[in-house]
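Let me begin by presenting the structure, written as structure tokens, before commenting on it.
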Amino acid sequence: MNGAIDSTGKTHSHWFTSSVAFTLIMHIIVGKLFIETVYWNWLSGITNIVCLAFYYICVVIGNSSPVAQIFQPEIEGQYFAMLASGKAWIVLLVLPLVALLPDTIYMLMQKIFFPTPTDAVMLR
């Protein structure tokens, strides 16, 4: 997978990058949902986690050989290659934190220094 095309003629590089990018987007979206949640309960927490788990299940099924051969042969195994890559793990663990840092700082600054009446009631 070092080159753009392997011995079977399948291209891999853009599928690998796309898999990492879309998984990164899913992590950021779920992280943003956690940040924006006002009323925490077990249902909201479980829903966010199940959403991410459902994404991973769909991707694993979509990357399996029988399904990939029907819909998109080039994607077969790319997700598994992504999970085997150390660089992809670093990207998936670090970049959502970096991407969500400005939102977190803004939210904390707003709630601490410029609270709305709703924030004031919720802090009591």
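The values are calculated or read from the model by the stated rules, or taken from the named source; none is laboratory data. It should be emphasised that the depicted structure is a prediction, and the values quoted were computed from it without experimental measurement. Note that we place each Cβ from the backbone using ideal geometry, even for glycine, and neighbour counts take in every protein chain shown. Surface accessibility is based on the protein's heavy atoms, side chains included, excluding ligands, DNA and RNA. Shrake-Rupley method; radii C 1.70, N 1.55, O 1.52, S 1.80 Å.
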What shape does segment 8-72 take by its C-alpha gyration tensor, where a ≥ b ≥ c are the square roots of the eigenvalues and a/c under 1.5 counts as rounded, a/b above b/c as prolate, and the rest as oblate?
-> oblate
Expressed to two decimals, the chain has a Cα Rg over Rh, using the Kirkwood radius, of 1.13
In percent, what relative contact order does the chain have, based on Cα pairs under 8 Å that are 6 or more apart in sequence?
-> 29
Hey, if we sort Trp42, Trp15 by accessible area with the 1.4 Å probe, largest down, what's the order?
-> Trp42, Trp15
Accessible area of Met122, 1.4 Å probe, to the nearest 10 Å²?
-> 100
Note the angle between two axes, namely the Cα long axis of helix 13-36 and the longest principal axis of the Cα atoms of the chain, as a number of degrees from 0 to 90, rounded to the nearest 10.
-> 20
Label-to-label distance, nm, for residues given as Leu108 and His14 (7 Å Cα→Cβ offset) = 4.1
Area of Glu36 that stays accessible when all protein chains are in place (1.4 Å probe, Å², to 10) | 110
Evaluate the distance, in nm, between pseudo-label points positioned 7 Å from the Cα of Ser64 and of Leu101 along their respective Cα→Cβ axes.
-> 4.0
Computed over the chain: longest principal axis from alpha-carbon atoms vs helix 86-113 long axis, angle to nearest 10 degrees, is 20
To the nearest 10 degrees, how steeply does helix 42-63 sit against the main Cα axis of the chain, on a 0 to 90 scale?
-> 10
Solvent-accessible surface ranking, highest first, for Asp119, Asp103 at 1.4 angstrom | Asp103, Asp119
